[in-house]
Amino acid sequence: MTRRHFLQGAGGAILSLPFLPSLIGNRAMAALLAANQQKSFIGVGAFHGLYRMHGPKSQLMPVLPDDIRSVAGFTPLSLPGKHTVYARPLSQLLQNNQISQIINSSFNPVLSKMLMMQGLDFLSIYGHNGAQFGNQNTSGGVTGLSSTASIDQVMANSLNFYKNPALKGRSLVVGPNKYETGLRPGGYGISSAYQTPSSPLTSAIVSPPLAYNPQAVWDKYFGQAPTTLPLKKTLVDLVLADYKSVRGSRALASEDKRVLDQHIELLQNTQLAVNNQSLQINGGIRPPNKAPSGADWGAGVYDLVACTAADRRILIKTMNSVITSLISSGLCHSFLASSESLTSTDLGAWHAWAHAGYDNDKDLIANVESYNSVITENTIVMQDMCLDLALKLDSISSNGSTLLDSSLITCIQEHSKRGHEAWNIPVITFGSAGGTLKTGQYLDYRNFETTRNDLGWTRFGFPMNQLWANLLQAMDVPPGEFEALGKVADSHPSFTINGRRTGYGVSLFWTADGASVGLVPVSSSHYSTWGGTDLSSWLPFIKA
Amino acid sequence: MNICLLKKSKIRALAALALAFVLVCTYGQGCGDFKSAGLQPQSSSSDGKFICRASDSISANTVRRLPRVHLLNSLKEFLSRMNTNDLSIVMANAQAQLEQLPIDSMERFTTNDTILNQNHVDAIFEIAFELASILATNQGYVAQLASICGVDSSQSSLTGVCAKTFADYYIKKTFKRPVTELEVSSLLADPSSTTQAPLNLTSSDGLTIFLGRLMAHPKFYYIFNNEGLLISGSEGISGATYQLNKYELLVKLTFLYWQGPPNDYLYEKIESTDITQQEQMRTIVKYILDDPKAKMGINTFYTEWLKTPSLPLLGASGSTAYSEFSKGLNINVQGHKHRTDMIEEINDITEYYTFTPNGRYEDLIMTPFSFAKTSDLADLYGVSSLWDGNSEPTIRFPASEPRAGILTRAAFVANGTEYTNPIHKGKRIRFDILCGELPPPPANLDIKPAAQNTLNTTREIIEVATAGTPTSPNQCMSCHRFMNPLGFATENYDSLGRFRTLENKFDPLTGLLKTSLNVNTHTDAIVKSNEVKPVNDAIELSKAIVDSRVGQQCMVRKYFRYAFERTESNTNDGCTLDNMMINLDGSLKQFFESAAFQKPFLYRKVK
């Protein structure tokens, strides 16, 4: 990636507060590398779906027929008692040099570091939720489930994730504004945290505080953390004093003094530059508290009536720069972010747009303006929230490996392309979690061996619980640690093996009445044969 | 055809001589004759001796910063207690800062580049800070640096006596001499302490400040040489002359021969050796020259003198004509490195004869042996055996394809195109081998590239293009007569260095071979003053250069500039130059060694 590409970001035209890899201190990199290969997790929750996310007119996932079984180039894997799944290199799915309208050519520099997965199912959910990362008690239409912590919080409180005990508990949950708090139903958060982190097995689950102001985040961490900048200031002052001292030697002749005078004059410029770096730490720059238009963005994007749409996108990228600084400085490695109506001041606009825009059953765009707003929202999520961050992390390298390589950015959708349908979810990741995941692939976990197709009710695939378990393991949290967090009452017997509640989170099924969960799968023809499946095992094709 | 046109209205750049196939003419002032043009060294006599005058004195010079290579080697020596692998990692991690340091100009040797700008100052500071930060935050690195206190030392050891030992050692490496208690306490003082408490070296912050301060210190980056014995004048007053003390001499010796500062052994050795005494200095010089680093140091001189890295990339145009010209040779094919081979051959020739007993200047210019170590270069030369890189060379060129020393090797005749460039070749010999100095082309000169054709040889095209006009027949040749013939003499080697009797000409449209024309290498060369010396080829030209002693004088001048970091003075330096010339007549090694015993090396007059 070129420096120009980096500064422009994925959007090309819009400049956000940059992260400057050339300014990153080796001190920070040395500390980071010394931290025993600390990995970083960044979850991004996207909302609603209800647009052409996959299939022959896909605007998100690779453009493929509804049924890919006859498409050449895929590697099939037949699984006993289950269905056949498929894999193919992403590089073979480029059409006109892009995967899709949203995953366009600007993703190509990191395509080999991405995974695109289709067909992950939230087992217990139907309807709106904030369950993308395990906060699975949040479906508005389903009651009676225990609260569970989202996986970012499980990681943050694990000493297998944070190798440095001093960092245990550190996480940053980024929301669009101050209203995006509270557990669903009722609240809006996708992150659910331990009220008592020291007792995760018994702790109540609460909504963590949200960060929505990049400057406040910056100040919280860098305002308190020791940085190299004071050292640098001290050093330049001392060096300047040394030059002046030597210049004052009476043994120095006039021409020699002239040479040192020139050096001192230039060194004073260096000193000035160092002092002006006061807002820079490890390549990052303290963000301003105002958007480029001049509006105050201290309260987050929804409250920014005065903000332009460009302001909102810049805020997202600016937060990415801060996140990059936090990771590169070794201050925080667990992040979760979400956003809903990024281009509107109306909190509920995303919901209205989705339902008005697209009719999956007829594959019909009912309202072009609403539909395009959904596309724009998802474009911002993928390009500004995910890709921009991926590129920033990928720009920082040491010994041939980048921060993106040791990280895992995971974007999970709320729904599939049919309204309120919480299965057949697309998942897109960046980074290999330190080489754990085999990236550069499209993985299709859908069951094509049923009569379902992608119009109307779409196909089932693999439980999201298994993906969460995989994400946790990729971040070095072992099954023995996260399985114990699962409640007996929330764990389906089919996935309980010798007392191990495999996978992560609630594994009961959403039932046909739509309001409760139970032991009977939504689709008896799909999950009824899955008895004895270890949901903590690796998903097909995903492990390097 | 005359493309040497003059248009006063058109002011063109003065880079004319460096361009391939660029023809130059003069208007108004020309080169005149050799003497009036200043082409003949004023401090040398016609018999090849420099003029040693009783009035010779030491020329004053100004304090200088370290050239880039010297700085890099100084940093490595500063950290020399680290193992090689870790040191490489540390330097690689500071690569971004190291790359900020400007490249020194080789135009008049990098040791003579005294330019100092913001990039230098910023880079020095950033490098020092980054290196110090990297080192101080890694316990393993700190343990290696702290090993001066004992093999089991670590960062936590850096208190009390160990802190003092540590500070003494690294301040000494910065100041390049033993340090005083006051200097140590000053550099160890904690800047945040109001009571002059020492820095806490067991903390990474304290260590960062200490190491960073040293690497960015003026005594690290500048060589002052004003702490020796004042032999005339008043301290600090322009004209004061100092005899370098033994530490200053030692530093000067290693920077000259190693491109870097003394190592710990030498610092220790010098404690009991007074190298201001000639015999003791000779012992140290022998040690330094016997070290493998000396080969690297002296090779730097040859490289910058002969400008071998400026050899153009071969076939960069990728034209059909070049493909035809180089057919079957695998130029620019993976696994082949013709250009590198050509440059390395010159390095091998100079190194071999410099470090072989009794190797002489004449050997550089006249050696009849092939130094080709790769079959690619050997194929170009038509020799079937390869030199092993160590033994006495014995492989001769085919009698039908004769060559002499460096002027007939590929690195001196090759360029990136399918045609030779006689003007460029001649200019290189005139400027670099004979130390001639021609005035730059006048600003009112209209320069046009000479067009190749398939009817004339390159030489013929150049001769016509620089012939002048009927009304001003000498306007081009007043200068070109000092360059063109020197280039014509090597026209029996093509632009890849292959011997030839015919010049292949390629169709400008198809790039295919059109015709082959006889080459002519007979020329009237001017090597010494205005003496016209007819030569039949480059071998005779090489012999003329040796016989005239102008070549030897030039090498002496070049090394004077390199070693003493200034241009020689025609009025003050005749005796030094003459001494160096006498030593060059002995052997190359003797010549290089003798430079350290010359007055400009032993003394410094301040400005």
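The values are calculated or read from the model by the stated rules, or taken from the named source; none is laboratory data. Quick caveat: nothing in here was measured; it's all calculated off a predicted structure. Cβ coordinates were reconstructed from backbone atoms using ideal geometry, including for glycine residues, and neighbour counts include every protein chain displayed.
Residues that are surrounded by 19 or more Cβ atoms within 10 Å (Cβ to Cβ), farther than 15 Å from residue B:377 by Cα and at pLDDT below 95 within region B:312-343 comprise B:315, B:321, B:322, listed in sequence order.
If the condition is being of a type outside the set (A, V, I, L, M, F, W, C) and either under 11 Å from residue A:50 (Cα atoms) or touching a residue at least 24 places away in the same chain (Cβ under 8 Å) (or both), then region A:347-361 contributes A:351, A:355, A:357, A:358, A:359, A:360, A:361. For region B:546-607, which helices (runs of 4 or more DSSP H) that fit wholly inside it have 1 or more residues that are in contact (Cβ under 8 Å) with a residue 40 or more places away in the chain, within 14 Å of chain A (Cβ to nearest Cβ) and in contact with a Lys or Arg (Cβ under 8 Å, 6 or more places away or on another chain)? Ranges flagged: none.
Being modelled with pLDDT of 50 or more and either in contact with a Pro (Cβ under 6 Å, 6 or more places away or on another chain) or away from chain B (no Cβ under 14 Å) (or both) holds for only one residue in A:50, A:17, and it is A:50.
Would you say residue B:81 is in a loop (DSSP other than H, G, I, E, B), closer than 30 Å to residue B:148 by Cα and touching a Ser or Thr at 6+ places or on another chain (Cβ under 9 Å)?
Values: in a loop (DSSP other than H, G, I, E, B): yes; closer than 30 Å to residue B:148 by Cα: yes; touching a Ser or Thr at 6+ places or on another chain (Cβ under 9 Å): yes.
Yes; evaluated as a whole, the condition is true for this residue.
Against the list (1) over 20 Å from residue A:415 (Cβ atoms); (2) of a type in the set (S, T, N, Q); (3) at pLDDT below 95; (4) touching a helix residue (DSSP H, G or I) at 6+ places or on another chain (Cβ under 7 Å), the condition residue A:491 fails is (4).
Considering only residues in region B:415-427 that are out of contact with any helix residue (DSSP H, G or I) (no Cβ under 6 Å at 6 or more places or on another chain) and assigned to a loop (DSSP other than H, G, I, E, B), the one that is modelled with the lowest pLDDT turns out to be B:416. So for region A:331-342 (the condition being buried (at least 23 other Cβ atoms within 10 Å of the Cβ) and on the phi > 0 side of the Ramachandran plot), does at least one residue qualify? No: region A:331-342 contains no residue that is buried (at least 23 other Cβ atoms within 10 Å of the Cβ) and on the phi > 0 side of the Ramachandran plot.
The set of residues in region A:362-383 being of a type in the set (A, V, I, L, M, F, W, C), free of Cβ contacts under 8 Å to residues at least 24 places away in the same chain and in a helix (DSSP H, G or I) consists of A:368 alone. The set of residues in region B:112-171 being closer than 30 Å to residue B:300 by Cα and either among the aromatic types (Phe, Trp, Tyr) or more than 37 Å from the chain's Cα centre (by Cα) (or both) consists of B:125, B:129, B:169, B:170. Once region B:250-281 is narrowed to residues that are among the aromatic types (Phe, Trp, Tyr) and in contact (Cβ under 8 Å) with a residue 24 or more places away in the chain, the residue that is nearest to residue B:70 (Cα to Cα) is B:255. Kindly evaluate residue A:280 against the criterion of being at pLDDT below 75 and more than 9 Å from chain B (Cβ to nearest Cβ). Answer is yes for this residue. Every condition in (1) more than 24 Å from residue A:260 (Cα to Cα); (2) in contact with a Leu (Cβ under 9 Å, 6 or more places away or on another chain); (3) more than 10 Å from chain A (Cβ to nearest Cβ) is met by residue B:77 except one, and the failing one is (2). The single condition among (1) touching a Ser or Thr at 6+ places or on another chain (Cβ under 8 Å); (2) surrounded by fewer than 22 Cβ atoms within 10 Å (Cβ to Cβ); (3) small (Gly, Ala, Ser); (4) within 27 Å of residue B:459 (Cβ to Cβ) that residue B:405 does not meet is (2).
Selection over region B:557-589 of residues that are in contact with an Asp or Glu (Cβ under 9 Å, 6 or more places away or on another chain) and of a type in the set (A, V, I, L, M, F, W, C) gives a count of 5. Reported count of residues in region B:349-384, each being outside any helix (DSSP H, G or I), at pLDDT 95 or above and under 29 Å from residue B:336 (Cβ atoms), is 10.
Region B:98-192 holds helices (runs of 4 or more DSSP H) entirely within its bounds, and those carrying 2 or more residues that are surrounded by fewer than 22 Cβ atoms within 10 Å (Cβ to Cβ) and within 14 Å of another protein chain (Cβ to nearest Cβ) map to B:118-136, B:139-145, B:181-188. Just give me the residues in region B:211-238 being of a type in the set (Gly, Ala, Ser) and at the interface with chain A (Cβ under 8 Å from one of its Cβ atoms), in sequence order. Scanning region B:211-238 gives B:212, B:216, B:236, B:238. With respect to (1) surrounded by fewer than 21 Cβ atoms within 10 Å (Cβ to Cβ); (2) out of contact with any Pro (no Cβ under 8 Å at 6 or more places or on another chain); (3) of a type in the set (D, E, K, R), the lone exception for residue B:589 is condition (2). Whether any residue in region B:242-259 is at the interface with chain A (Cβ under 10 Å from one of its Cβ atoms) and either more than 30 Å from the chain's Cα centre (by Cα) or under 30 Å from residue A:237 (Cβ atoms) (or both) is what I want to check. No - not one qualifying residue is present in region B:242-259. Residues of region A:289-303 that are at pLDDT 70 or above and either in contact with a Phe, Trp or Tyr (Cβ under 9 Å, 6 or more places away or on another chain) or among the β-branched types (Val, Ile, Thr) (or both): A:289, A:290, A:291.
Hey, does region B:503-524 have a residue that's surrounded by 23 or more Cβ atoms within 10 Å (Cβ to Cβ) and under 31 Å from the mean Cα position of the chain (by Cα)? Checked region B:503-524: at least one residue is surrounded by 23 or more Cβ atoms within 10 Å (Cβ to Cβ) and under 31 Å from the mean Cα position of the chain (by Cα).
Considering only residues in region A:237-254 that are more than 24 Å from residue B:126 (Cα to Cα) and loosely packed, with under 15 Cβ neighbours inside 10 Å, the one that is farthest from the other protein chains (Cβ to nearest Cβ) turns out to be A:248.
Against the condition within 24 Å of residue B:457 (Cβ to Cβ), not in a helix (DSSP H, G or I) and not aromatic (Phe, Trp, Tyr), how does residue B:329 come out, does it pass? Yes: the conditions hold for residue B:329.
For region B:84-95, name all the residues that are without any contact (Cβ under 8 Å) to a residue 12 or more places away in the chain and within 12 Å of chain A (Cβ to nearest Cβ). Explain how you work it out, then say what you get.
If we filter region B:84-95 for residues that are without any contact (Cβ under 8 Å) to a residue 12 or more places away in the chain, which is where we start, we get B:84-85, B:87-89, B:92, B:95.
B:88, B:89, B:92, B:95 - these are the residues of region B:84-95 that are without any contact (Cβ under 8 Å) to a residue 12 or more places away in the chain and within 12 Å of chain A (Cβ to nearest Cβ).
Quick one: count up the residues across region B:309-325 that are among the hydroxyl-bearing types (Ser, Thr, Tyr) and within 17 Å of residue B:372 (Cβ to Cβ). Walk me through how you get there before you give the answer.
Keep residues of region B:309-325 that are among the hydroxyl-bearing types (Ser, Thr, Tyr), which gives B:310, B:317, B:319-320, B:322-323.
Still in the list and also within 17 Å of residue B:372 (Cβ to Cβ): none.
Adding up the residues that qualify gives 0.
Only one residue in B:531, B:565 is at pLDDT below 95 and buried (at least 20 other Cβ atoms within 10 Å of the Cβ). Which one?
Numbers: B:531 fails: buried (at least 20 other Cβ atoms within 10 Å of the Cβ).
Residue meeting the stated conditions: B:565.
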